[in-house]
Amino acid sequence: MKKKIAIVQALLLTACLFFSGCSDPHPSGENTRIKVVTSFYPVYIAALNLVDGVDGVELQNLTQPTTGCLHDYQLTPQDLIAMEGADVLVINGAGMEDFLSKVLESYPSVTLVTASDGIELLEEGHDHDHEGHDHEAEGHDHSEEGNPHVWVSITNYAQYVQNIADGLSRADPQNEAIYQINAQKYKAKLSDLKTKMHGAIDSLPNRGIVTFHEAFGYFAEEFDLHVEAVIEREPGTDPTVQELIETIDKVEESGCKALFAEPQYEPRLAQTISAETGAKVYTLDPCVSGAYEKDAYLKAMEENLNQLMEALGQ
Ligand SMILES: [Zn+2]
């Protein structure tokens, strides 16, 4: 009997995963009172912590958990299905979801919550003067908005969590107490993590890092690390041969012994530069994709700490 139930459960789970694209850990049900949609992974993970224990919340992510950053993202028809019946849409802001502005006109009653509200933005191309100017000359979308990767700093992410908690409280005032308590609990964990990371990173003798895209500006600022070069500014934009040569020169000049690839990208380019410069390849995770679980951000940062200690701790 137990076996039969297990088989049925397995089948149901498979069917559920098949039809939903695994994207919906809080499936819509009869007792859905409020539907909250998040734009992408780090926003979803923050919201997942905040809705814990709140009855009748359906939480859904607009994009697939494997998507990564939303630079130049094109919405799919499946993404738009997630918007059906949405009461609240939580976005990162700072130019990350430029593709949504048109879409939002079709959902005038949706409450928009911007997680990055009030967070001071770094300029894009920070630490990279000439690249920054190139950006401006091209009239790049993000040049006026600043670097959108605010959540990669734990301090900013705590603010991000609070902004989302406040937005959810406004949209669903009867559960304000739960959202705020969840925010306090989660922020306490983040604060502990930050203290632990400072304790380890602050005394590292080497502070120079070379990263794969511009995701680590805020992280570097938080822990006083120096981003000496960015190998590839954004996914899908390979550097030109000239840029590659410049990057190799920069890595050699900086004396950096560590290149940080991201789990979301092909390590090929980092390996090329590694072969040319002798610097070793490690991983830093900007927490833009992964499993839909509450501790995903904390785990990613713990692993980032391990990688940094291994790379810079000699
Ligand atoms: Zn990015």
Does S191 meet the test of being over 29 Å from V36 (Cα atoms) and small (G, A, S)? no
Of all residues in the range 65-89, count the ones that are in contact (Cβ under 8 Å) with a residue 24 or more places away in the chain and more than 16 Å from the ligand (Cβ to nearest atom). 9
Members of the range 273-289 that are open to solvent by 40 Å² or more (accessible area, probe 1.4 Å) and within 16 Å of the ligand (Cβ to nearest atom): T283
Failed condition for T211, given (1) hydroxyl-bearing (S, T, Y); (2) open to solvent by 60 Å² or more (accessible area, probe 1.4 Å); (3) within 18 Å of the chain's Cα centre (by Cα): (2)
Going through the range 52-64 one residue at a time, which ones are away from the ligand (no atom under 16 Å from the Cβ) and closer than 20 Å to Y160 by Cβ? D52, V54, V57, L59, Q60, N61, L62
List every residue pair whose Cβ atoms lie under 9 Å apart, where the two residues are 6 or more positions apart in sequence or sit on different chains, the first residue falls within the range 229-249 and is within 19 Å of G208 (Cβ to Cβ) and modelled with pLDDT under 80, and the second residue, located anywhere, is of a type in the set (F, W, Y) and open to solvent by 30 Å² or more (accessible area, probe 1.4 Å). E232/Y265
Could you pull out every one of the helices (runs of 4 or more DSSP H) wholly within the range 198-314 that has 2 or more residues that are touching a helix residue (DSSP H, G or I) at 6+ places or on another chain (Cβ under 8 Å) and closer than 30 Å to A183 by Cα? 217-222, 296-312
Just checking, which of D52, D79, D87 is surrounded by fewer than 18 Cβ atoms within 10 Å (Cβ to Cβ) and among the acidic types (D, E)? D52
Might you let me know whether the range 21-40 holds any residue that is at pLDDT 50 or above and within 16 Å of the ligand (Cβ to nearest atom)? yes
Can you name the residue in the range 240-267 that is within 16 Å of the ligand (Cβ to nearest atom) and open to solvent by 10 Å² or more (accessible area, probe 1.4 Å) and, of all such residues, is farthest from the chain's Cα centre (by Cα)? E266
Output the residue which, of all residues in the range 115-168 that are at pLDDT below 90, under 20 Å from the mean Cα position of the chain (by Cα) and part of a helix (DSSP H, G or I), is nearest to the ligand (Cβ to nearest atom). H142
Among residues belonging to the range 216-228 that are in contact with a Lys or Arg (Cβ under 7 Å, 6 or more places away or on another chain) and open to solvent by 80 Å² or more (accessible area, probe 1.4 Å), point out the one that is modelled with the lowest pLDDT. H226
Among the residues of the range 182-190, are any touching a Phe, Trp or Tyr at 6+ places or on another chain (Cβ under 6 Å) and either open to solvent by less than 10 Å² (accessible area, probe 1.4 Å) or free of Cβ contacts under 8 Å to residues at least 24 places away in the same chain (or both)? no
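The values are calculated or read from the model by the stated rules, or taken from the named source; none is laboratory data. Keep in mind the model is a prediction, meaning the values are calculated, not measured. When we count neighbours, we look across all protein chains shown, and the Cβ atoms used for this are built from the backbone with ideal geometry, even at glycine. Ligands, DNA and RNA are excluded from the accessible area calculation, which covers all protein heavy atoms including side chains. Shrake-Rupley method; radii C 1.70, N 1.55, O 1.52, S 1.80 Å.
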